[in-house]
Amino acid sequence: MVQRSKALHLRARGVNTVPGLYPGCITSGCIWSPIGRRTIGPAASRFGREPVSVVFKVYCLSVMTMVAATYTVVLRYTRTISSTAMYFSTTAVCVTEVIKLFLSLGMLTKEAGSFGRLKASIVEHVFQCPKELLKLSVPSVVYAIQNNMAFIALSNLDAAVYQVTYQLKIPCTALCMVLMLNRSLSRLQWLSVCMLCGGVALVQWKPAEATKVQVEQNPFWGFMAIAIAVFCSGFAGVYFEKVLKSSDTSLWVRNIQMYLSGIVVTLAVVYMTEGTQVIQKGFFYGYTPWVCFAVFLASVGGLYTSVVVKYTDNIMKGFSAAAAIVLSTVASVALFGLQITVNFASGAMLVCISIYLYGLPKQDTTKLPRADKDAKQKLITV
């Protein structure tokens with residue numbers, strides 16, 4: 001009777017229950033599966049975020065902000081200020097994919113717990129699943145385009161302008177979620193999307209100029225590169241989410257599948273665009289400690305974001321994006337001589353506000369379904 005009342009109580013709160021793993025125990029829909037699998041069921045989405053202290057959340061937020069801002073500024077520095085021979089951006093994108101592959105292998109090794117289970121998982125999901133590799137080659141190609149566009153954009157736009165304009169990934173992702181995943185947006189989210197587009201339009205109306213940059217720049221090509229990058233980011237992100245939800249395969253296994261395809265794609269891009277020069281000068285021509293640092297940040301940043309998503313909410317991620325814009329602006333003024341204009345300041349402020357509004361949780365004003373009411377009534381009578 002106690003077990004039955006517990007189950008009814010949980011169902012009345014909208015939590016699906018299944019028999020527990022131990023006698024006398026009820027679990028809220030959380031089913032763990034062997035290596036190469038992930039948590040499935042409602043609990044995976046509702047209770048996936050583990051309770052952590054505020055200090056740890058602030059730490060995650062601070063590191064994510066610093067990585068995002070530092071990567072943008074360092075990459076801009078290597079493309080415009082560094083006096084050494086210019087490196088090949090396509091090789092940097094390829095090296096980034098290789099590092100991500102090894103980092104994902106390390107995380108999968110930790111998840112597996114033993115080398116034997118790791119080997120079995122890789123053989124099962126990589127060598128015996130060519131269709132899955134082909135499926136993951138779609139986001140690999142799109143991400144390769146996005147990463148190469150980022151180099152073109154930061155070669156033609158200031159880091160702060162890039163950071164603000166790149167927030168267009170939010171409406172692009174929202175549009176892809178509506179079309180591909182049948183998600184819905186609240187009125188406040190649609191309003192914030194319009195505000196964000198208006199803020200970006202203000203920033204791009206007359207882009208702020210940097211006085212310390214000596215290389216020739218084309219703001220129009222920079223904006224076009226960002227436009228392509230944000231569309232690629234939105235589509236690839238939603239596509240990858242759809243692939244993850246279509247099976248119970250581990251996130252790290254999916255990452256390995258995607259990065260293997262990504263390495264092949266980026267290598268092809270290297271030799272199709274700059275193959276002759278790479279053969280003559282070498283794959284790592286022009287690499288400096290700053291270039292290596294930028295590649296490292298690009299590799300770690302994407303994987304660290306998944307940790308931040310697990311332990312923080314949308315509001316904190318919105319603050320992180322706004323803080324990254326502020327830090328990039330301060331660094332651009334100091335390093336590149338960025339001249340702040342009224343349009344830039346107003347647009348950046350509007351973008352920061354819209355990011356905050358977009359991340360606010362939806363208010364649940366709906367009433368309990370009839371089935372839940374009946375379950376709640378039964379609970380009272382038990």
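The values are calculated or read from the model by the stated rules, or taken from the named source; none is laboratory data. On a predicted model such as this, the values are computed, not experimentally measured, just so you know. All Cβ positions, even for glycine, are placed from backbone atoms using ideal geometry, and neighbour counts span all protein chains on display. Ligands, DNA and RNA are stripped out before the accessible areas are found, and what is left, the full protein with its side chains, is counted by its heavy atoms. Shrake-Rupley method; radii C 1.70, N 1.55, O 1.52, S 1.80 Å.
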What is the spread of the Cα atoms of the stretch 72-190 along each of their three principal axes, largest first, in whole Å?
49, 48, 25
Potential extension, Val54-Met180 segment - 0.36 nm per residue separation minus Cα distance:
41.9 nm
Could you check how much of the accessible area of the stretch 156-252 is carbon and sulfur, as a whole percent, using a 1.4 Å probe?
65 percent
For the full complex of protein chains and a 1.4 angstrom probe, list Cys194, Cys94 by accessible area with the highest value first.
Cys194, Cys94
Highest-first arrangement of 253-259, 228-234, where packing means the average Cβ count within 10 Å:
253-259, 228-234
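Convex hull volume of the Cα atoms in the stretch 152-211, per residue, in Å³?
80 Å³
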The stretch 155-245, dipole about Cα centre (Lys/Arg Cβ +1, Asp/Glu Cβ -1), debye to the nearest 20:
400 debye
For an R0 of 56 angstrom, estimate the FRET efficiency from the Cβ-Cβ distance between Thr341 and Lys131 and round to the nearest 0.05.
0.60
Enter the accessible area per residue of the stretch 50-201 (Å², integer; probe 1.4 Å; all protein chains in place).
46 Å²
Between Tyr356 and Tyr285, take the C-beta separation as r, use R0 = 51 Å, and let me know the FRET efficiency to the nearest 0.05.
0.75
Between Arg187 and Met349, Cβ-based FRET efficiency (R0 30 Å, step 0.05) works out to 0.85
Between Val326 and Lys206, what length comes free when the chain is fully extended (0.36 nm per residue of separation minus the Cα-Cα distance, one decimal in nm)?
41.3 nm
With every protein chain left in place and a probe of 1.4 Å, what is the accessible surface of Val215, to the nearest 10 Å²?
60 Å²
Relative compactness, the stretch 149-299, computed as alpha-carbon Rg over 2.2 N^0.38 Å
1.25
Accessible area, probe 1.4 Å, largest first, for residues Lys57, Lys206, Lys242:
Lys206, Lys242, Lys57
Can you sort Ile325, Ile81 by solvent-accessible area, 1.4 Å probe, largest first?
Ile81, Ile325
